[in-house]
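Since the structure comes first, as structure tokens, the remarks are kept for the end.
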Amino acid sequence: MEGIFRFADELGPAKIIHVYEPSVGLKAVLVVDNVAVGPSIGGVRMAPDVSTEECFRLARAMTLKNAVAGLPHGGGKAVIYGDPKMPQENKEKLIRALASSLREVQEYIFGPDMGTDERCMACVHDEIGRAVGLPREIGGIPLDEIGATGWGMSHAADVALEYCDFEMEGARMVIQGFGAVGKHAACFLAEKGAVLIGVADSRGTAYKPEGFDIAKLINLKKNGMSVVDYPGAEVRDPESIIDIECEIWIPAARPDIIHEDNVHRLNTKLVIEGANIPITHEAEKYLHEKGVLCIPDFIANAGGVICAAMEYQGACEAAAFQTIEDKLRCNTREILEGVACSGMIPRDVAMEIAVKRIKKAMSYRRWSLFSSAPRFV
């Protein structure tokens, strides 16, 4: 019994569901963490090495992210065990099977995440009608295509610079992970004057001190190549991305990339967390002590879920972008003002704000973690 409830605390999770469908080889986990504020929105992640623990941690990050962003949604997450590079036909079978198996879990709204995209969400929508991040052709706002998360990160970085000792113009930028989040963050920050000098994907690190042509990098990835195929770039192993000296360092891939054993290698002034849970709490404490400003994931990368929530409410793309800008700038400034006043690390300040809001919402419920009200979703 203790093992089953090892993740349980005062905030959740309300439900952990393991899904298995042998006819298509589906193995998946859904965690609905806390829906006191409203039905949960959280992406579907696909990777060979996902786990229930990772799913819970990501769901909790969504609970906090949605609360800080002031959205009428709680946190949830789904993970599928599988290679995201599998043939599209096989992936769609898994996605459709997962959607069908979770048809009755009304408090979870599907969204895209690492390894899934708007095409996958179209499959979910076709099966059960409960998804966000849909293609434009069926009325959605394709948040990965338009770079909603990267747009928000660029504004978080803009505000964070008010608390740093360098300017955006000419600032050296390094990005670990050059997928939907990383490439758009690179574009939006480059428009503000930053220069991308280091980038990594699963095949390695590419370093070019004079700066990359981001459009060429994106084209390489679009054609199935790696960042290490960029002409004239110095090629290093994937882990070497940590060692490149820069002003802005962005983790935009998997969890726990920076931890107690390698955080001392980071040589930067500002970290903008594009991925969810990319840096351990102890590593964030170390960075804070060393004077490195670290904007936590559920503040910095909230643009995607803000866009998803607005799509769910029927908003247009322009309205979503304006709301992301407003919320990210306001929230980043509120957190950093709290840091300046209290001396706490940014994550702890953000946690206090989020938990206070969640507990207030819980106090209005007959059952603190969930609701049985009609038309809850």
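What follows draws every value from the coordinates through simple rules; no lab data is involved. Only a predicted model underlies this, so the values are computations on that prediction, with no experimental measurement involved. Here the Cβ positions follow ideal geometry from the backbone for every residue, glycine too, while neighbour counts run over all protein chains shown.
Values as computed for the structure displayed
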| read-out | value |
| --- | --- |
| Exposed chymotrypsin sites (Phe, Trp or Tyr not before Pro) absent - longest run of the chain, DSSP non-H/G/I/E/B, at most 10 other C-beta within 10 Å | 6-363 |
| Lysine pairs meeting the criterion (Cα under 25 Å, 8 or more apart or interchain), as found in region 184-340 | 13 |
| Backbone HN-Hα couplings from phi across region 47-52 [Karplus 6.51/-1.76/1.60, Hz, Gly and Pro as x] | 6, x, 10, 5, 8, 4 |
| Antiparallel bridge percentage (DSSP; both residues within region 148-343; nearest 5) | 30 |
| Candidate aspartates and glutamates - alpha carbon under 13 Å from Lys77, same-chain residues fewer than 8 apart omitted | Asp33, Glu53, Glu54, Glu107, Asp113 |
| Shape call, region 56-214: gyration tensor on alpha carbons, a/c limit 1.5 | prolate |
| Descending semi-axes in whole angstrom, ellipsoid equivalent of the chain, from the Cα gyration tensor | 31, 25, 19 |
| Filtered GluC sites (Glu not before Pro), region 59-163: DSSP coil and at most 16 other beta carbons within 10 Å | Glu104 |
| For the chain, size of Cβ-based charge dipole, Lys and Arg +1, Asp and Glu -1, in debye | 1100 |
| Residue of Val105, Val227, Val79 that the Gaussian network model of the chain assigns the largest fluctuation, springs spanning Cα pairs under 10 Å | Val105 |
| Euclidean distance between Cα centres, region 118-190 to region 281-331, Å | 10 |
| Neighbour cut-off at most 13 other Cβ (10 Å), DSSP loop, GluC sites (Glu not before Pro), region 1-71 | Glu2, Glu10 |
| Cα gyration tensor, region 148-343 - rounded (a/c under 1.5), prolate or oblate | oblate |
| Sequence of His125, His281, His288 once ranked by neighbouring C-beta atoms within 10 Å, starting from the fewest | His281, His288, His125 |
| Gly38 long-range amide H proximity, modeled H, under 5 Å | Gly74 |
| Tensor-based shape of region 259-307 (alpha-carbon gyration tensor, a/c under 1.5 rounded, otherwise prolate or oblate) | prolate |
